[in-house]
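The values are calculated or read from the model by the stated rules, or taken from the named source; none is laboratory data. Just so you know, these numbers come straight off a predicted model, no measurement behind them. Cβ placement follows ideal geometry from the backbone for every residue including glycine, while neighbour counts extend to all protein chains displayed.
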Amino acid sequence: VTEPVTEPKFEVNVASSPTTWVKGTTEPAQFVLEVFEGTNPELLKDKFDGVKVNDIDVPADNYTVTFDSEKGTLTVAVSPKFMDDLGDGSNQFKFVFGSTEVATDVNVVNAATEEPTTIEPTTTPDATSATDAPASPDSTNDSTSDSANGNDGGNGAVQTGNASMAIIILLVLISATGAIFFARKRVK
């Protein structure tokens, strides 16, 4: 007569997980799973059967699993290659342990939609062209607009090197104007 084998208590919780993962990064989405008190930590390792995203199995080569027996945690890292293929918005990750599934939601955000807001400052070309006009009273408007066009690289985006160069040019123009002013004063 054999006695029925009773399954030991097994409970898992997602201890920490990213609420948002940004597309285009090289970092994997990491999830730390921890056991509840009274659960044998070895069961985490032995029973782990994979990862599902929106109920689709993640291929084994798209995630890694590391087990920490001291902490009783299992860290699942889903590759950025797999994450990039997910659609924007909320996605549900399920970690499968035999018949037990632990779920967490992850919001996938496209980094391309956030980039244009960081490239906004376009004040340097206007500031340089405004200082060019009074500094050279004999020049025409053509030279002023050339200075402005040269400063923005022709693409409308201000670059750090061009902004520094504009400041240097401005200082040279002010110095030249002062030298001309004092030279004319001595001649009279």
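Quick one: is residue 71 of a type in the set (Lys, Arg), in the same structural domain as residue 28 (by TED's automatic domain parsing), within 15 Å of residue 15 (Cα to Cα) and buried (at least 16 other Cβ atoms within 10 Å of the Cβ)?
no
Go through region 87-101 residue by residue and tally those that are part of a strand (DSSP E or B), surrounded by fewer than 17 Cβ atoms within 10 Å (Cβ to Cβ) and touching a residue at least 60 places away in the same chain (Cβ under 8 Å).
1
Among the residues of region 53-86, count how many are without any contact (Cβ under 8 Å) to a residue 24 or more places away in the chain and of a type in the set (S, T, N, Q).
So the count comes out to 2.
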